[in-house]
1. Which condition number in (1) over 21 Å from the mean Cα position of the chain (by Cα); (2) not assigned by TED's automatic domain parsing to the domain that holds ARG189 is the one that PRO314 fails?
2. Hey, among VAL241, VAL234, which residue is in the same structural domain as ILE290 (by TED's automatic domain parsing), within 25 Å of THR304 (Cβ to Cβ) and β-branched (Val, Ile, Thr)?
3. Within the group GLU217, GLU208, GLU200, which residue is farther than 30 Å from LEU131 by Cα and without any contact (Cβ under 8 Å) to a residue 24 or more places away in the chain?
4. Of the conditions (1) surrounded by fewer than 14 Cβ atoms within 10 Å (Cβ to Cβ); (2) on the phi > 0 side of the Ramachandran plot, SER86 clears all except one; give me its number.
5. Is at least one residue of the range 115-127 more than 21 Å from THR15 (Cα to Cα) and either part of a loop (DSSP other than H, G, I, E, B) or hydroxyl-bearing (Ser, Thr, Tyr) (or both)?
6. Please return the ranges of helices (runs of 4 or more DSSP H) entirely within the range 271-345 where 3 or more residues are touching a residue at least 12 places away in the same chain (Cβ under 8 Å), closer than 25 Å to LYS184 by Cβ and among the aliphatic types (A, V, I, L, M).
Amino acid sequence: MRPHGRVLIVSLGSTQGLRRADEELRDSLGRAGAQVQIARARAPAPARTLMLTDLGWARAARAASARALAEAEARGARPPAVVYSSATAALLWPRPGAVRFDAAAAGNRPGRHGLWQRPLERRRLAQAPLLLPWSEGGLREAPDAARAGDRAVVVPVPVEPSGPPQAPEGRDIAAITYAANPLKKGLDRVLAAWSRVREELPADGPRELVVAGVSAEELRAARVDPAAVPGVRVVGRLASVEYRGLVRRARVFVCAPRREDYGIAQLEALADGCLLVSTPAPGPYAALPIARALDERLVGEDLTRSLRAALLDPHTDYSSRALESLRPFTREAADRIVASELLPRMLDQGRE
């Protein structure tokens, strides 16, 4: 007999990755038998600092959750179990609920950037009936309040191939990178490495680096000029279908993050057959240990050397081994966790 119950996901949705994660959780809970609603926060006006940015999003999440809960009460429906998707969404919650997060402010809001968020986050994580980190690394980086008791259920964001496998010789893009927030993603370092390696690529093969996920305005603000580097094409923000289509055409996904809270783009690239070239980075970077195990030459501080190895001397069995490594991140694996662990505990929460 399938379980039944109502779940409200309060979605910050401030990035494409967060939106996709919320939709995957909604669908997984639905397959397990729950009725799921997503309350989407309305994007606040841009702010000059991370402290004000987080405040704007926290207020938007509170308004979205309060509206959805009030509508449920007006219908006379049983209050749903609530999932706040991100620690920021939970900071000003109207009532306690489960908190899902890729990374906590304790890790990604150091110093003055998180002066008010970190202490309030500790309180909310201590009060939450359930904690739903995307990874064990995200849980380890969270404050001690998140690890107290038996409240954590690790639910990874599912990653699947976006289309049929493509052989390396059929890929007509040398490398691709996803550079939303270009300084954090290290686009400047990627461009520097690419400019050195491109000259060594065969003239009859692919010699283009595609930069996705970043607008011209963001590039100007970051003072990064891809036009100054030969063989670079900036495609901006794309729908997921278009973006993953480009990934399937690329031989290598290259990145140099200064911090990585999870790395969905890197996991997707592995699923679509790219070799992953990356510098090490602080944060719960889920793809990093996988990349190291697949080919340690492609992970290191010398991005030029790693990119050169990937493009000029790739391991031929890399893609097949990558798919094996991604088994814990498949939709089937996430569904098992949601059906057997998460939903039963959420329904208990909703009955309290």
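1. The single condition PRO314 does not satisfy is (2).
2. Testing whether each residue is in the same structural domain as ILE290 (by TED's automatic domain parsing), within 25 Å of THR304 (Cβ to Cβ) and β-branched (Val, Ile, Thr) leaves just VAL234.
3. Among GLU217, GLU208, GLU200, only GLU217 is farther than 30 Å from LEU131 by Cα and without any contact (Cβ under 8 Å) to a residue 24 or more places away in the chain.
4. (1)
5. Yes, the range 115-127 has at least one match.
6. Correct list: 287-294, 303-312.
Quick grid of which residues meet (1) closer than 21 Å to PRO158 by Cβ; (2) touching a strand residue (DSSP E or B) at 6+ places or on another chain (Cβ under 6 Å); (3) among the β-branched types (Val, Ile, Thr):
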| residue | (1), (2), (3) |
| --- | --- |
| VAL190 | no, yes, yes |
| ARG198 | no, no, no |
| VAL211 | no, yes, yes |
| TYR243 | yes, yes, no |
| ALA256 | no, no, no |
| ALA281 | no, no, no |
| PRO284 | yes, no, no |
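Here's the yes/no breakdown for (1) part of a helix (DSSP H, G or I); (2) touching a residue at least 60 places away in the same chain (Cβ under 8 Å):
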residue	(1), (2)
ARG20	yes, yes
GLY30	yes, no
THR53	yes, no
TRP57	yes, no
ALA77	no, yes
TYR84	no, yes
LEU92	no, no
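The values are calculated or read from the model by the stated rules, or taken from the named source; none is laboratory data. Predicted, not measured: the structure shown is a model, and the values here were computed from it. Cβ: placed from backbone, ideal geometry, glycine included. Neighbour counts: every protein chain shown.
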